[in-house]
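Report on the following structure.
The values are calculated or read from the model by the stated rules, or taken from the named source; none is laboratory data. Everything numeric here is computed off the predicted structure, so don't read it as measured data. Using ideal geometry, Cβ is built from the backbone for each residue, glycine included, and neighbour counts are taken over all protein chains shown.
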Amino acid sequence: MNIQRFSTVDADFRPKLNALLAWESVSDEQVFATVQGILRDVRARGDAAVLEYTARFDRFPAASMAELEIPATRMDEALARIPAPQREALEQAAERIRRYAEHQKLTSWSYREADGTLLGQQVTPLDRVGLYVPGGKAAYPSSVLMNAIPAKVAGVAELIVVVPAPQGDLNDLVLAACRIAGADRVFTIGGAQAVAALAYGTETIPAVDKITGPGNIFVATAKRLVYGTVGIDMIAGPSEIVVVCDGQTDPDWIAMDLFSQAEHDEQAQAILISPDAAFLDAVAAAADRLVEIMPRGEIIRASMEGRGALIHVRDLDEAAEVINFIAPEHLELSLEDAEAYAGKIRHAGAIFMGRYTAEALGDYCAGPNHVLPTSRTARFSSPLGVYDFQKRSSLIGCSAQGASELGKIARVLAEGEGLFAHAASAAYRVKD
């Protein structure tokens, strides 16, 4: 494979890195116009529009919305039907995700000042959340678990799942995951019409408070456009992995770790960073050999040649600087003392520490969420978690004395801003 090679000593290293990382997340005008039209139509016509778009795009001509809702009995049947090892793996992964999520729960708190004034924070869950699960050629039961379980741990009362079912075909693993994760209602709809139905509500599908879950460019554009009417998790770009290695890990392991993200699609990005130039050569040779036996080898080849890179750095300190600039979705630290090195990392969605911690473990069953910020947004964003399904209300309860003292301060500031009703409202509570 012809994988790009960079070195930090090159004068044009930073421009080359910028070009490598560039990914245009904004939809083109045609996609934008199409999605806007679908959103308007579903908002205006509800179920009828959803049925029409499902027949057109998913080739599933349902006579009514009842045909598009999956009954609980069908999910139970799917759970019973899948092979025992798959059921056990789903249940084990769900338990690990749930256990990790329990540690993320925000809690309410308050304190009283000397004059009796109470200040604090009250944490409550969202009422209703919509989860988009990608469909089509691939099935993503892991996406169900990673999105639904934190929502349920947060205390979300109702979780509505939408998953496209081209020609009516549904994957048993996805339905089984819905049952294990506690989905309340499941609809076989997808695309921008599913996002619109969740955001605005229809006669059958109730409007939600937040929409999470990945999707194609039409789904991502729809989520962007309904933000404000509802909350969303993020606008996700192609999957990414950065591996930093000191040259002491088996090159085959590293090559396959890079492949684990490159096989997602041609736009996925896999980057290896090392101070050992000979090791970069060894990984490149391993990649050339291993790609020939991979079922998704053509996708891997396109990804690695189009957006992959092998980066030579002066030392591991410089590697940390490059990593923090990239702000990768997934970061593997294939190093001797990875836990100590992790302290140098400021920007990464998830950090996998040590030679034995393959990123793929995080995709399925380690426990932390696999919904992560991409396209350098880890500089200001965090993984999906329980906190994304909770909200905080400030608590303020003034005693008479506290209201008087605070009123004096508020009156001065309000008058300074020219907001005299504010000033008067505060002044009414000030003691003479």
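Residue count for the stretch 160-186, restricted to those that are crowded, with 24+ Cβ neighbours inside 10 Å and more than 24 Å from GLU95 (Cβ to Cβ): 2.
Can you find even one residue in the stretch 123-136 that is at pLDDT 95 or above, loosely packed, with under 14 Cβ neighbours inside 10 Å, basic (Lys, Arg) and closer than 30 Å to GLY397 by Cα? No, the stretch 123-136 contains no residue that is at pLDDT 95 or above, loosely packed, with under 14 Cβ neighbours inside 10 Å, basic (Lys, Arg) and closer than 30 Å to GLY397 by Cα. Against the conditions (1) β-branched (Val, Ile, Thr); (2) touching a Pro at 6+ places or on another chain (Cβ under 6 Å); (3) surrounded by fewer than 22 Cβ atoms within 10 Å (Cβ to Cβ), ILE217 satisfies every one except (2). Being surrounded by fewer than 19 Cβ atoms within 10 Å (Cβ to Cβ) and aromatic (Phe, Trp, Tyr): is that true of TYR200 here? Criteria not met by TYR200.
Look at (1) in contact with an Asp or Glu (Cβ under 9 Å, 6 or more places away or on another chain); (2) at pLDDT 95 or above; (3) closer than 30 Å to ASP288 by Cα; (4) not small (Gly, Ala, Ser) and you find that MET1 fails only one, number (2). The set of residues in the stretch 357-416 that are acidic (Asp, Glu) and either touching a residue at least 40 places away in the same chain (Cβ under 8 Å) or loosely packed, with under 15 Cβ neighbours inside 10 Å (or both) comprises GLU359, ASP363, ASP388, GLU405. One residue stands out among those in the stretch 207-265 that are of a type in the set (A, V, I, L, M) and assigned to a loop (DSSP other than H, G, I, E, B): the one that is farthest from the chain's Cα centre (by Cα), which is ALA207. Take the conditions (1) among the small types (Gly, Ala, Ser); (2) touching a strand residue (DSSP E or B) at 6+ places or on another chain (Cβ under 8 Å); (3) closer than 21 Å to ASP246 by Cβ; ALA340 misses just one of them, which is (2). Based on what the data block shows, is ASP281 in contact with a Leu (Cβ under 7 Å, 6 or more places away or on another chain) and in a helix (DSSP H, G or I)? The answer is no for ASP281. Applying the set (1) without any contact (Cβ under 8 Å) to a residue 24 or more places away in the chain; (2) closer than 19 Å to VAL163 by Cβ to TYR53 leaves exactly one unmet item: (1). For the stretch 273-306, the tally of residues that are surrounded by 22 or more Cβ atoms within 10 Å (Cβ to Cβ) and out of contact with any helix residue (DSSP H, G or I) (no Cβ under 7 Å at 6 or more places or on another chain) stands at 1.
Quick grid of which residues meet (1) over 26 Å from the mean Cα position of the chain (by Cα); (2) within 23 Å of THR229 (Cα to Cα); (3) in the same structural domain as THR221 (by TED's automatic domain parsing); (4) not in a loop (DSSP other than H, G, I, E, B):
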{"position": "ASP10", "(1), (2), (3), (4)": "yes, no, no, no"}
{"position": "LYS16", "(1), (2), (3), (4)": "yes, no, no, yes"}
{"position": "GLN36", "(1), (2), (3), (4)": "no, yes, yes, yes"}
{"position": "LEU39", "(1), (2), (3), (4)": "no, yes, yes, yes"}
{"position": "ARG59", "(1), (2), (3), (4)": "yes, no, yes, no"}
{"position": "ALA62", "(1), (2), (3), (4)": "yes, no, yes, no"}
{"position": "THR73", "(1), (2), (3), (4)": "yes, no, yes, yes"}
{"position": "ALA80", "(1), (2), (3), (4)": "yes, no, yes, yes"}
{"position": "PRO85", "(1), (2), (3), (4)": "yes, no, yes, yes"}
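Applying the criterion of at least 2 residues that are farther than 22 Å from MET75 by Cα to the helices (runs of 4 or more DSSP H) found wholly in the stretch 105-205 leaves 191-200. The residue that is modelled with the highest pLDDT, among those in the stretch 20-71 that are aromatic (Phe, Trp, Tyr) and more than 26 Å from ARG376 (Cα to Cα), is TYR53.
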